[in-house]
Amino acid sequence: MTPPVLKALTPLGWLAVGLAALAAAAVVLGGLGFRWDPLDLARRRADHAEQAAATATAEAAARSAEAAGQAGQVARLDAAVRSTVALERATARSIHIARIADDASLPLSLDRMDRLRAHDGELCRTSPGLVGCSAAPDTSGGGDAPL
């Protein structure tokens with residue numbers, strides 16, 4: 001014998017009971033940690049977040065490399081400017097000494113040759129890459145010693 005309540009339900013009542021049971025099951029299963037995602041939206045969101053994180057990491061690495069390269073370029077430029085200033089000072093001092101020397105109008109004497117060699121040595125110490133310095137590459141091509 002079926003209870004009179006079940007016989008009294010109309011098709012619309014049975015639909016309401018079914019929906020209530022479905023809602024209760026969803027609440028219970030949701031509380032237990034079950035998730036229903038038929039379009040797989042959670043995975044798509046996770047993939048998008050991972051992609052955004054990878055892009056941000058790559059951009060941060062690029063900015064870091066760019067900053068390091070810029071710092072290196074500034075250091076090289078600063079060294080070149082210091083070298084140029086030192087060469088200009090040494091050359092100006094040598095020109096001044098050569099112009100006021102007693103033997104400036106005479107043929108090249110040993111003292112004057114020693115002054116020129118000292119100046120060349122100072123230039124080579126300041127910039128060892130100059131042609132004619134001992135560290136400079138041989139550009140004569142014929143195997144002759146640089147003058």
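The values are calculated or read from the model by the stated rules, or taken from the named source; none is laboratory data. This is a predicted model, so every value here is computed, not measured. Neighbour counts run over all protein chains shown; Cβ positions are idealised from the backbone, glycine included. Side chains are part of the model used for accessible areas, which takes the heavy atoms of the whole protein and leaves out ligands, DNA and RNA. Shrake-Rupley method; radii C 1.70, N 1.55, O 1.52, S 1.80 Å.
Figures for the structure shown
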item: Hits in region 107-129 - residues which are closer than 12 Å to Ala86 by Cβ and of a type in the set (Ser, Thr, Tyr); result: Thr126, Ser127
item: Residues satisfying the stated conditions in region 93-117, i.e. open to solvent by less than 60 Å² (accessible area, probe 1.4 Å) and under 46 Å from the mean Cα position of the chain (by Cα); result: Ser94
item: Any hit, region 47-56, residues being at pLDDT below 90 and surrounded by 10 or more Cβ atoms within 10 Å (Cβ to Cβ); result: no
item: Subset of region 4-39 (residues that are open to solvent by 60 Å² or more (accessible area, probe 1.4 Å) and either among the acidic types (Asp, Glu) or not in a helix (DSSP H, G or I) (or both)); result: Thr10, Leu32, Phe34, Arg35, Trp36, Pro38, Leu39
item: From Ala90, Ala86, residue being in contact (Cβ under 8 Å) with a residue 40 or more places away in the chain, assigned to a helix (DSSP H, G or I) and either surrounded by 11 or more Cβ atoms within 10 Å (Cβ to Cβ) or touching a Ser or Thr at 6+ places or on another chain (Cβ under 8 Å) (or both); result: Ala86
item: Where a residue in region 100-111 is free of Cβ contacts under 8 Å to residues at least 12 places away in the same chain and its partner, wherever it lies, is open to solvent by 100 Å² or more (accessible area, probe 1.4 Å) and not hydroxyl-bearing (Ser, Thr, Tyr), with Cβ under 8 Å and at least six apart; result: Asp103/Asp111
item: Residue within region 65-79 that is without any contact (Cβ under 8 Å) to a residue 60 or more places away in the chain and in a loop (DSSP other than H, G, I, E, B) present; result: no
